[in-house]
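The values are calculated or read from the model by the stated rules, or taken from the named source; none is laboratory data. Owing to the predicted nature of the structure, the values given are computational and were not obtained by experimental measurement. Neighbour counts are summed over all protein chains in view; Cβ atoms, including those assigned to glycine, are modelled from backbone coordinates with ideal geometry. With ligands, DNA and RNA removed, areas are computed over all heavy atoms of the protein, side chains included. Shrake-Rupley method; radii C 1.70, N 1.55, O 1.52, S 1.80 Å.
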Amino acid sequence: MADIFGADRLPDERTSVSRRRADGRATRAGNYAGWRGPGPGRGRGRGPNNVRESMRPVLVALFCNEMHKNLLANYEEDGVAARALVGLEVLRVNTGVSKKSLRTRGWTLGRSGAVGVLLKLGRSRVRSDVCKQHTVAISVALEAVRSAAQMTLEEVFEVLESSVRGVARAPGTAIPWPFAVVRRTIAKRWVCIACPTADSECIHQSAAVAAAAGDGDGGFDDGDDGTPTMRFPDDDPVKEGGHPVAPDNPYMLFSRFYQVHQSRLLRDLVPPSAAQQTRINLVKAAATSETILEFPCSPLCPFCRVSPSPLKPPIPHECRIEFDDGSVMAKVYSWRCPNCLLRVMPDGREHDLVFSSPFTAYSKAFLFELAVNLSRNGCSLRSSSYLRSGYSELTASLKYAPRSSRLRSVATLRKALTLYLSLVIKGLPLDVSTCARCVSSSGVIDIVCFDGLQLGYKLKYKRRFQRHTVRTSAIPRASVHAHMVTDSAVAKALGSVFNTTSKAVAGSSKTVTTVTSMRSYVMAVSALLGSVSVNGREESFAGPEQHGTSASTAGRGWCPTVDGGVRPALPTFLRRFFRCELVARSLCTQVLAASFNLFRRVLEPLMTRIQDVVRARPAEVEPAPNTTLRHGLPPPLPAGSIDVGVRGAESDESEVEDSDEELTSADDRVSFDGDSLAAPRRKYWDTFAPLARFAKLFTEPALADTGRVKGTMLEADMLFRLQPSIPTTAAAPLKVVDFVRAVTVDPFVVWAPDGDWGAIDALVDVLSSDNFTSTKLAAVLDRSDVCELRLLRAAVACLGPGLERDAGLRPVLADLLTALKDTAAAYDSFVAVNQVSQPGGDDGMAPGDGDQPPIDDFTKAQMASAHPLECFTPAQYTATWMEPPASVASFKAAYGITDESPEDFLSSGVWAPNFPVLRPIPLFYGTAQAATDEPDCNHLMGKENKYTGGTFGAFCTCTHPKCIGVVVLDGSEGQRMPIEFITQRCATLPSQVVYDFSCATLKTALCRLPLVARAVSFLVDRFHWRKNHVSCTKAMNPDSYSSMESINTSSSEERNALSRRQEHHLRLMNQDNYIIFTTYQQALSNVIAMYKDVETELTPSKWPRWYRQKYVDGVGNTERGSAGM
């Protein structure tokens, strides 16, 4: 048997055995697979399949490519880097591995957060493996690469690590070998099979797409990546497998042989006058074959600044130039630079052309008209190109020679238009990105209007932006300590009844649904009615701790001042100035409508009082006598006239009823259906009424008229009424109620704009004076800082007659105003104690780092060079970046930025040339914020789903608003974004910020950057405040401030309305094209707004010619350099 199988002999010594098959056929001779002996075996493969031979060259090529790219992108080309680049180029050329082969066979792992390479060694033939990518990761020594670069192994790894994406190592994101979890479908789409999220949000899918596209980076060996072969007749021959060699620079670091020529010099927004002459020449050349256009090349290389070699002068080649509805062939001269091998061609600016490739150019006048139509009319590029081709078919044969009828495809047109727009944006004058009326010469803007536009691009095109950030921690529950009522639930319960409604709201089981809301309503009742009497003693049922001192609710009581955080001055003011019975009854109705499970949790004495209040008969309004004030009785009225002085007196009509807008529209929520008032006997102005003198003295229209019968009925039906002893009119209580609701619901900062307490101090001083008179009060009310706060001024003026009559009311009001300043002091104390540098302890730092005491003396360079996971307190960020003078130079010095060129709007996603980066963005970080810091209002904001969040714009507020900055969102829109923009780019913070979600922005500032919350007034634009801010008070309304009287708070809405026309084609663009087109659209709208500012009936021209005369023909971009150098 051993002889048969040959077990005792070597395979090469086994002899072949000739046997005949059963059918008589002969068998093959020699060694073969079978029982008698082994077969010849499988031959060794060739090319990429031969792992033994190609493993080392492929690995060397991959590491050479990665190090070469990192050295060019992240390191200065000094002696060490230059020496390493030369060695890597020589080693890379000798590997014999093309870049085309590497595209589908090997990748580096920088995107997945690791240093290494990934090889694909074959393809599985198993049918069950069609959805898998068979890969294997191999680690090899880097001795060859290290030797070629003349570096140590540590230096090699440092260079390789410079391109590692740290975000890929985030929890739940990183997978060691990302290409092992993606597959390519029949439709040539990459699908991730590891991440539970959508493909558009998967980092592995995006990495696979970029790798399959070959990264698109330049560098040596670019000829293998599928780009057109840019060889011309005068190029030197290259050996097979070799590379072009520069005659004058054999040791070049970066070859530009395969670099595609495009226009680099900046362009004007409106073509100059010479562009129209170029258009005429193109039409003439297209109409007849006798006219031949020639365009000479540049005499110097734009990079090396050398001239062509005398042995190789410029040579011509054909280039197709397109204009409105035709095209023409022209001769373009070019030459090869002997230093960098760049093909030097004309840029086209001197001829008003835009070269998108060596063989295609477009008329600048045509691209300008096309871009304006796309931006203003909302048509897409594809439809515009289709119509252009259709119109050309109708007329080209009649106007032009046959050779001029051909037009390029829409893809070529898109490429040229994108290039043109990018050159125009980079060449815009600074006047286009600012407002001469709203922005001062020093770059300070007083009022900024923000708004988001929910119009984004597809998530699959999304790439990370380069923005400098610094992690800052939050101060949980800080916003509630900025209120007169620290328990937001109690404040909300009180705010729900501090209104001018004429009917009590019916009880509903949906109003009080939690224990917290039940407790808040009960404490609100106690705040209005006082403590409960138990066995002859006043009981408050207070808990052991003051509200806000601890996050725990254990042992919490029912006292509004202790457990509800209500400052004592507020309940005292309410009971002294108002009749609170009907308001308390409305709250008690809601309490009794709750479920029994909540009902039984209330203490028995408190619940007994609530039931008694509901069962009691509603209080009636007793007519107040026409009380005579201390200044004596009024003169007798003329015969036949009716006294319409204070409330309660009979009257028929006032002369100013139909014209007094303040009275008739004091509160839009009050209405009377079916009113049919009797016709007046005689119109008579209330000149002799006791309150008319106060209306004139305080300049308060609400005191000028009682409102006759309708006003008396309105006051009698209101739930929240002033005490009968306080002289008033029908409109005056509305002003006081608005003020009280704002004091209860809003933070103290609304009463101290820019931290100025001058208005409050002046009122407190006059109310505390022993020689109080209404004349002195009127003098204080005429102060500019008091007039700015319309809610405060109107409330004090309406209470003026009562303050004049009853001296006991003055200290109560003074204590309420003083309590606002006490709230500010309490907030400062809470913020100073509760700032933590490492909140939560789960930020990746070493254990115990978050418990260290904060360090306040950081320099800008130290904070800029800190670890990305290191978190700073708001006080540290403020001391380092906000308090010292801000400048572009100090920011660049802190981050080591040596480039003096303007910010690259494509890499940062932000276009704001007049507001450059001065500080890093405070990246708000922390554990889940307290529910008390969340906004009360609901507002729909841009979110990422199938598309990105869109853009976020900053606009001025003049009649013709201009965009001063546009931010492309890298996530969903949030209320933090106005804070981020002004802190990053405004050297002096604006005094007012208008935003449709400012109520939430203010709360965020109180928890994140207290300095911003104090210095900036956050207001809601008029449109959104009336529409969906039902939980906000009038303190968020711009009409409550005299400085906002004529301000256009809807400027951002006006500008975004035009941008929404572009929805159907903006959503289909990739990220770069989206940024370019969005920025161009805003810049173009700014130019039109600038023209409208100066336009009159005598203006002789439209905006294109006006812009050309002012910014192009006289100045232009001729000396501004290029965009690609």
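From most to least packed by mean Cβ count within 10 Å, the peptides 604-610, 724-730, 532-538, 945-951 give 724-730, 945-951, 604-610, 532-538. The separation of the range 775-816 from the range 353-367, counted between C-alpha centres, amounts to 70 Å. Looking only at the range 408-422, which residues have a backbone nitrogen under 15 Å from a spot 7 Å from the Cα of Asn1070 in the C-beta direction? Counting backbone N atoms under 15 Å from the label point, the list is 411-419.
FRET efficiency for the Ser1046 to Cys787 pair, using the beta carbon distance and R₀ = 22 Å, is estimated at 0.90.
Taking 0.36 nm per residue of separation and subtracting the Cα-Cα distance, full extension of the segment from Thr469 to Asn914 would add 158.2 nm. Exceedance of the 26 Å cut-off in Cα-Cα distance is limited, within the set Lys946/Lys1034; Lys284/Lys364; Lys458/Lys860; Lys492/Lys821; Lys492/Lys776; Lys364/Lys1102, to Lys946/Lys1034; Lys458/Lys860; Lys492/Lys776.
Pairs of Cα atoms in the range 383-519 fall into 10 Å distance bins, from 0 up to the last occupied one, in shares of 7, 13, 18, 17, 16, 13, 9, 6, 1 percent.
Across Glu1053, Glu804, Glu318, Glu903, the residue with the most accessible area heads the list, and the full order at a 1.4 Å probe is Glu318, Glu903, Glu1053, Glu804.
Rounded to two decimals, the Cα radius of gyration of the range 486-615 over 2.2 N^0.38 Å is 0.98. When both the range 434-472 and the range 527-603 are represented by their alpha-carbon centers, they are found 46 Å apart. With the Cα gyration tensor of the range 1043-1103 in hand, give its eigenvalues times 5 under a square root as the equivalent ellipsoid semi-axes, listed largest first in whole angstrom. Sorted largest first and rounded, they come to 27, 18, 9 Å.
Under 19 Å from a point placed 7 Å out from the Cα of Ala616 along the Cα-to-Cβ direction: which residues of the range 560-593 have their backbone N that close? From the range 560-593, the list is 560, 571-593.
For Ser1101 and Leu311, what is the calculated FRET efficiency with R₀ set at 51 Å and r taken between the beta-carbons, to the nearest 0.05?
Values: r = 52 Å, r/R0 = 1.03.
Computed FRET efficiency for Ser1101 and Leu311: 0.45.
Taking 0.36 nm per residue of separation and subtracting the Cα-Cα distance, full extension of the segment from Ser552 to Asp248 would add 101.7 nm. Highest mean packing comes first when the peptides 736-748, 577-589 are listed by Cβ atoms within 10 Å, giving 736-748, 577-589.
Label positions at Ser442 and Lys399, each projected 7 Å from the Cα along the C-beta direction, are separated by 5.5 nm.
Farthest toward the positive end of the dipole of the range 486-615, out of Phe578, Thr553, Pro568, is the Cα of Phe578, where the dipole comes from beta carbon charges about the Cα centre.
Full extension of the chain between Asn535 and Asp770 yields a length gain of 80.5 nm, computed as 0.36 nm times the residue separation minus the alpha carbon distance.
When 1/r is averaged over all different Cα pairs and the result inverted, which Kirkwood radius in Å belongs to the range 684-834? 16.3 Å is the Kirkwood radius here.
Computing FRET efficiency as 1/(1 + (r/R0)^6) for Glu161 and Asp1093, where r is the C-beta to C-beta distance and R0 is 51 Å, gives about 0.45.
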